[in-house]
Structure formats: structure tokens, C-alpha cells
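Visitor: Dropping a structure here in C-alpha cells format, bear with me for questions.
Nothing in this text is a laboratory measurement; each read-out follows from the coordinates by a stated rule. All values reported here derive from a predicted model rather than from experimental measurement. Note that each Cβ is placed from the backbone with ideal geometry, even for glycine, and that neighbours are counted across all protein chains shown.
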Amino acid sequence: MQLKVGDKIPNFKVKDTNGNDFDSQEMIGQKPLVIYFYPKDNTPGCTVQACGFRDQYEDFTDLGAEVIGISSDSVESHQKFTQQFRLPFTLLSDSDKKIRKLFGVPPDWFGILPGRATYVVDKDGTIIMIFDSVKAEQHIQKALEAIKGLK
């Protein structure tokens, strides 16, 4: 099932960058979220995307939002990726691809690669924007425009 604008994000629990438990329900009611799914740590497009969110992270937090990246990489891989590129936001390890399936993120490249999609969620957990594109650098601006629209 593919989520669409107006749907609530599903409940999920997973390990974060530091190996701590992350529960999506603890974020609901707190602040808007930018949840972006990406194929793999340390690949060219994914690094561009992560660094783009890093470079504009303060713009998101100034608007009260939090950025969360999700891929199937391990916690250890996320730790290295975060340290190498000084990422200030949380990465979640979806090693069994359950979260990707819950959101219905479509695959890229004829089903060969995990998809790249960004979901912007309001404070109440309702999806207000979905951007599905292989063009990694475009996700940041689309998400920022959607967050600005919440104010």
C-alpha cells in the first residue's frame, strides 16, 4: 500500500544512528517531520542529498521541523556516514525494509534499487507532501517549501 497526502504516517520502531530505540509515535504532536528515504550510505546521490539536508538543516529547525533519513544500512554504517559528513539529523536503520514497505516507497531503476522519496508530515502526523524523484538534490528544496507552507 502506498501512502498518499492526507494519510497519517504509520507506527514504527527502529534503531537510530546511535543504536537507540526510535518510536515514530513519540514524534507525533511534537513537531513537523521531514522523513526521507534514500538507497544507500556513501553513494554519490545519497551523499549529495544528505549534505543538502545538512546544509539547510538550520532552515528546517528554525521553522520547527526535524529531518530524519531512512535507509536499509546498518547502525554502524549510519554512524560512519554521519561522522564523515557531519550530519546533524537522525538516520534510521530499516534493515528489514519494513518502514519502506509501510510507507509504500516505490523502487527506483526498474525495481533494482530502493526508492528515493521524501515525506513531509505536519505536527499531527498527517502527510502534507510526498516527493518521489531520483534527483537527490531536489528533495531538500521541495521539503523546505512544504514546511514553510505550514506556517
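Visitor: Once amide H atoms are placed 1.01 Å from N in the peptide plane, what residues at a sequence separation of 5 or more from L113, or on another chain, have their amide H within under 5 Å of its amide H?
Guide: D108
Visitor: Okay, moving on. Pairs of lysine in region 89-151 with Cα under 22 Å and at least 8 positions apart or on different chains: total?
Guide: Close lysine pairs under the 22 Å cut-off: 7.
Visitor: Out of residues 5 or more away from E66 or on other chains, whose amide H comes under 5 Å of its own, with H placed 1.01 Å from N in the peptide plane?
Guide: When sequence neighbours closer than 5 places are left aside, the close amide H contacts are L33, V34.
Visitor: Treating only the Cβ atoms of Lys and Arg (+1) and Asp and Glu (-1) as charged, compute the dipole magnitude of region 1-144 about its Cα centre; round to the nearest 20 debye.
Guide: Dipole of region 1-144, to the nearest 20 debye: 360 debye.
Visitor: With θ taken as phi - 60° and the coefficients 6.51, -1.76 and 1.60, list the Karplus ³J(HN,Hα) couplings across region 124-134 in order, rounded to whole Hz; mark glycine and proline as x.
Guide: 8, x, 8, 6, 10, 7, 10, 10, 10, 7, 6
Visitor: Assign unit charges at the C-beta atoms only (+1 for Lys and Arg, -1 for Asp and Glu), then state the dipole size of region 5-60 relative to its Cα centre in Debye, rounded to the nearest 20. Write down the numbers at each step before the final one.
Guide: Details: 6 positive and 9 negative charges, 33 e Å.
Charge dipole, region 5-60, about its Cα centre: 160 debye, nearest 20.
Visitor: While we're here: How much length, in nm to one decimal, is gained on full extension between N42 and D23, taken as 0.36 nm per residue of separation minus their Cα-Cα distance?
Guide: 4.3 nm
Visitor: Mind checking region 67-141 for trypsin sites (Lys or Arg not before Pro) that DSSP puts in a loop (not H, G, I, E or B) and that have at most 15 other Cβ atoms within 10 Å?
Guide: Here the sparse-neighbourhood loop sites are R86, K97, K123, K135.
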